[in-house]
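Working notes for the structure below.
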Amino acid sequence: MRYSNKQAALIYASKGWKVFPVNAGQKTPLAALAPKGHKDATSDKVIIERWWTSHPDANIGLNLAASGLVCVDVDSYKEDCTFDSFMETHELPETLIQRSARGGTHFIFTSPKDAKFPGGLGVGIDVKHNGYILLAPSTFDAGSYSWINDLTPVEAPDWLPKAKSNTLKRTVAKVSAQPQGYDLQPQLDVSQLTNEAAQGINWHYNV
């Protein structure tokens, strides 16, 4: 069944996803309705109804982090995309998949609220979390977005590494900047702590 943009936006809202209007046929937020861009995303159906009634052709933007989602965006239409070789050593869980307007692929997973992810996994493999993607039936560059399946997103796989937090970077920098001869008791192994933090091990040390 073919849904209008407004119908689709309302369906997404019923899932608890936060959506916002994007200029028709483009990827830029519709500033007249969403001056803060993806930060204005909402699942309030009254607001969504008003937005797409006034601009029925507006594309649909999805605020990923606010919706508890993360997207592995694969430019599979590019010859130098390394996704196939990447997946030779990784297992891809069955999850929600969308085809992008240019023929790429969006693998959509659930994400913890405070998770942080790197920007990419290889050539042509972007990881999107703090920004947004467009959702079907949005259009761009003479193409349209469409769902490959209607599965419920599953938890992000373990091979999708979480980026180091700014707190960890500041702590490591502080320790590294101590003058020569500065005595830490007990001795702090920065390399070990960095590796442990990357694995999600909780640690702290007052200096």
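Taking K39 as the residue in question, decide whether it is open to solvent by 60 Å² or more (accessible area, probe 1.4 Å) and at pLDDT 95 or above. Here the answer is yes, as K39 does meet what is asked.
Of everything listed in (1) part of a loop (DSSP other than H, G, I, E, B); (2) buried (at least 18 other Cβ atoms within 10 Å of the Cβ), the single unmet condition for E79 is (2). Scanning the range 82-108 for residues that are surrounded by 18 or more Cβ atoms within 10 Å (Cβ to Cβ), at pLDDT below 95 and polar (S, T, N, Q) gives no hits. For the range 3-14, the criterion of a residue being in contact with a helix residue (DSSP H, G or I) (Cβ under 8 Å, 6 or more places away or on another chain) and assigned to a strand (DSSP E or B) is satisfied by no position. Filtering the range 90-104 for residues that are acidic (D, E), part of a loop (DSSP other than H, G, I, E, B), in contact (Cβ under 8 Å) with a residue 40 or more places away in the chain and within 22 Å of A8 (Cα to Cα) leaves an empty set. Looking at (1) surrounded by fewer than 13 Cβ atoms within 10 Å (Cβ to Cβ); (2) over 18 Å from D158 (Cβ atoms), which one does V19 not meet, given that it meets all the others? If we test V19 against (1) surrounded by fewer than 13 Cβ atoms within 10 Å (Cβ to Cβ); (2) over 18 Å from D158 (Cβ atoms), just (1) comes out false.
The values are calculated or read from the model by the stated rules, or taken from the named source; none is laboratory data. Source: prediction; values computed, not measured. Using ideal geometry, Cβ is built from the backbone for each residue, glycine included, and neighbour counts are taken over all protein chains shown. To get the accessible areas, we keep the full protein, side chains included, count just its heavy atoms, and leave off ligands, DNA and RNA. Shrake-Rupley method; radii C 1.70, N 1.55, O 1.52, S 1.80 Å.
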